[in-house]
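Structure first, then comments.
The values are calculated or read from the model by the stated rules, or taken from the named source; none is laboratory data. In this text, all values refer to a predicted model and were calculated from it rather than measured experimentally. Neighbour counts are summed over all protein chains in view; Cβ atoms, including those assigned to glycine, are modelled from backbone coordinates with ideal geometry.
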Amino acid sequence: MVTAIQKKSKATKKQSFSIHTKAKQLLRIFLFLCFAISIVFISFLGQKNEGKKLILKEEAKERVVADFNFEYESQITAEAIAKRIRTKTPPIYIRSDEPLIQFESFLNALENAYTRHQLKKEGLSNNEDSSSLEEFLNEVIASSDYEMDPQIIYQLYQETSPKERYKLFEDGVEILNLLYLDGIYNKTSEQEFKVSTIILQIKDSEDSSTQSKARTVEDALIQLKMKTNTLFRDQALSQLSFELLKSGMKANLIFGEKETESAIAKAIESIQTPILKFKQGDSIIRPGQIISPLEIETYKAYKAKELELKGDSLFFNELFRERFYLSFILFLTLYLFIKYEINTFKSKNTVLGVCATALLLNVILFRIIMEFGELLFQNNASLIALLPNLLPIALAPILISVLVGRLPAILTALIISSLFSLGFDHSLDLMLITFLPSIVGVFASYKIRNRSKLIRAGFLTGVSLALGYAILFFLNESSIALVTQRMICSILIGLITGVTAVGLLPVFEQFFKISTSITLLELTDFNHPLLRKMQFDAPGTYHHSLMVANLSENAADLIGANPLLCRVCCLFHDIGKLKKPEYFSENQRGYNPHDEKNPSMSALVIKSHVKEGVTIAKNEQLPKVIIDVIKQHHGTSLIKYFYHQAKKRHTQEYLEGLKDPQNLSDLDPEESNYRYDGPKPKFKESAIIFFADAVEAASRSLKKVSQPAIEEMIDAIFKSRIQDGQLDECPLTFKELNQIKSSFTRTLLNMLHSRIEYPSDSEIKGTA
């Protein structure tokens, strides 16, 4: 009756477990599909079918022919016309009479100074000033804005009579007046003219505008020299007059920036935006044609008209459906691969969660950079062409490589590259040029033990991408300048990707409870508080943990498991013994507390070290994988010693008449009370530690250390554990089990090798 109830209870539990497992699987599938759909929507939702991404200044690879008649207003052409108007519109200068008036006043001041000097000299002045003529003239020059040599003026007054000077001043002013009538201007940054004279619009004081030939100051000086040479036959007098008039000649035309811009704007407003027309069959883009802004504008207008004719929906346009189907297939491939091919200590839910989250984060960054970039650089086609090079294509693959493994990272890289290619021009070149560098990043970041190596992985990704663009340049004969820009951007983004991965890695580790090689390596520090406590409170357990670590690490390395994970987990697998270290044989020094307890109580104490270890590990915030190993390192194996002790006690009680069982099988104690609570080992590293723990403990009881003895002991342990069903939930193969046994044998022989027995002092003396 009891047996039937137990069987029914087990069947109910099994059915309940099966339902729970299926529910978890369905939930996992649903969540991953939600992630996949979210990624696709974020990547492509709202994007219109703008066709191929034309890159400025690059050579077109194929012809684009219009399937229908269309026309559009060309802003590029309008801008070109406006540019021509701007260059051809005569600049407006405002005429000023002030330079001539000022110079006439200066000449009058010189004559007045000369007259005062003459009056003083003839004694007709009451002024007792005894200054010379030169001093009078110097005073006038100093008070003016003109830069001239006073000696020239003094020489002019010494060599000419008043009548000659009057004639000279009169003719000089007339020459300047004629030059000022044509106009004199200074070259400025606003107006650089290539010829000596140019047609200008001159705005007079009456606000009337005329077109005239004006001269620069330099050209006006040439005219002045020619006119003074013609006017004065005497060479010395001609030179003196030229030096005088040169000093007085200034620009009388002032550039009117506002007036000129107003005139240009008015001329531009008068033109209509050109309309470019194309007939069905006309070539919009020709192969070999260098892409200019006009071709990009025309192609966009054509695709916009095509969408208008075909109809376009924000959610379900043709482009979106195409991308959705392909992306869904890729995500489904990733899901099936993780579900059926990934066998690690990490749960498949965790692997799926990491992959989906990293992908989602990557495509969000893609969309943000593209949307903000196009908004920011909307008027700069060259910068927009560089936007694809600003995308962190290797971020998700690098993170997944570190957190999960290479194979999921490679599949993720394929998905990222496909999304990248789909988001642009469906180009196989773009897909390859992004996929291969991502693979470089995946391999560069796999099993790294230093966070700074992530930056190196990002840098290598950027360099690989830059080399890819260089190769593409030679194949497509692209612009060297454009390819150089892309290469520089790729390297910089590669470095930024590495730095970003360093910042995101702890977040992923904490959120998904994943331990990377970096985290595990940090835990190998023997100064860890738990390890230090074990050294002092449970030295035997500490030494046992070190031996188990050596056994496990070597075996893991041989079968391709994670040696570092084995070592770290071995160091902490028995921390539960810190609660009652004296109850474990390796820590006992003559006194055994189990002698005072019955077998069931002793078994309970021994079993409790697993539960205590889990509690300590959680309190110390050790990684989840270490907690899993603590739970699994004994599986549900039987505590044989105390089980047999209990069996002996029951038999003794029966013989003494203290027990009266219905049948002899009732003498056996309840086996479940003498088994660990489990669970059984679920991944390779846990199974290795499971066997290594038992093998190391058993090796202490070997009377003779030899290879046959060790092999016999190991075979017996493996056989009993396998027959007990302890590996039913573990992916280890028979081949790997044999490799583990061989590794254990070699390691134990090295650990337990015998030493040469040195003779004592008495033996040495006796021999002598």
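Could you grab me the full set of residues in the stretch 519-542 that are under 19 Å from ASN450 (Cα atoms) and aromatic (Phe, Trp, Tyr)?
PHE526 - this is the single residue of the stretch 519-542 that is under 19 Å from ASN450 (Cα atoms) and aromatic (Phe, Trp, Tyr).
Given (1) part of a loop (DSSP other than H, G, I, E, B); (2) at pLDDT 90 or above, where does LEU702 come up short, assuming only one miss?
(2)
For ILE627, indicate whether it is in contact with a helix residue (DSSP H, G or I) (Cβ under 6 Å, 6 or more places away or on another chain), within 26 Å of PHE508 (Cβ to Cβ) and at pLDDT 90 or above.
The answer is yes for ILE627.
Quick one: which of ILE254, ILE271 is in a strand (DSSP E or B) and either without any contact (Cβ under 8 Å) to a residue 60 or more places away in the chain or more than 30 Å from GLU62 (Cα to Cα) (or both)?
Answer to the selection: ILE254.
CYS569 fails exactly one of the following numbered conditions: (1) touching a helix residue (DSSP H, G or I) at 6+ places or on another chain (Cβ under 9 Å); (2) in a helix (DSSP H, G or I); (3) at pLDDT below 85. What is the number of that condition?
The failed condition is (3).
Name every residue in the stretch 38-84 that is at pLDDT 65 or above and of a type in the set (Gly, Ala, Ser), in order of residue number.
SER38, ALA60, ALA66, SER74, ALA78, ALA80, ALA82
Filter the stretch 572-585 down to the residues that are buried (at least 19 other Cβ atoms within 10 Å of the Cβ) and of a type outside the set (A, V, I, L, M, F, W, C), then identify the one that is modelled with the lowest pLDDT.
By that ranking, first place goes to PRO581.
Quickly run through the stretch 64-87 and pick out the residues that are within 40 Å of the chain's Cα centre (by Cα) and of a type in the set (Asp, Glu).
Within the stretch 64-87, GLU73, GLU79 qualify.
Listed here are the residues, each with its yes/no results for (1) surrounded by 14 or more Cβ atoms within 10 Å (Cβ to Cβ); (2) in the same structural domain as ALA304 (by TED's automatic domain parsing).
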site	(1), (2)
TYR72	yes, yes
THR77	yes, yes
GLU98	no, no
LEU133	yes, no
SER143	no, no
TYR157	yes, no
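Give me the residue from the stretch 528-547 that is loosely packed, with under 15 Cβ neighbours inside 10 Å and of a type outside the set (A, V, I, L, M, F, W, C) and, out of that set, nearest to GLU582 (Cα to Cα).
Filtering the stretch 528-547 for residues that are loosely packed, with under 15 Cβ neighbours inside 10 Å and of a type outside the set (A, V, I, L, M, F, W, C), the one nearest to GLU582 (Cα to Cα) comes out as PRO539.
Search the stretch 626-635 for residues being under 36 Å from the mean Cα position of the chain (by Cα) and either surrounded by 23 or more Cβ atoms within 10 Å (Cβ to Cβ) or not aliphatic (A, V, I, L, M) (or both), and hand back the single one that is farthest from CYS730 (Cα to Cα).
ILE626
Identify the single condition in (1) surrounded by fewer than 18 Cβ atoms within 10 Å (Cβ to Cβ); (2) modelled with pLDDT under 85 that GLY183 does not satisfy, given that it satisfies every other one.
For GLY183, the exception is condition (1).
Here's the yes/no breakdown for (1) assigned by TED's automatic domain parsing to the domain that holds ASN554; (2) under 24 Å from PHE572 (Cα atoms); (3) polar (S, T, N, Q); (4) at pLDDT below 90:
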{"position": "PRO669", "(1), (2), (3), (4)": "no, no, no, yes"}
{"position": "ALA692", "(1), (2), (3), (4)": "yes, yes, no, no"}
{"position": "ASP715", "(1), (2), (3), (4)": "yes, no, no, no"}
{"position": "PRO731", "(1), (2), (3), (4)": "yes, yes, no, yes"}
{"position": "LYS741", "(1), (2), (3), (4)": "yes, yes, no, no"}
{"position": "THR745", "(1), (2), (3), (4)": "yes, yes, yes, no"}
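Could you list, in sequence order, all residues of the stretch 608-643 that are assigned to a loop (DSSP other than H, G, I, E, B) and of a type in the set (Gly, Ala, Ser)?
Matches in the stretch 608-643: GLY635, SER637.
Need at least 3 residues that are at pLDDT 80 or above per element, so show me which helices (runs of 4 or more DSSP H) inside the stretch 282-377 make the cut, counting only ones lying wholly within it.
293-310, 348-376
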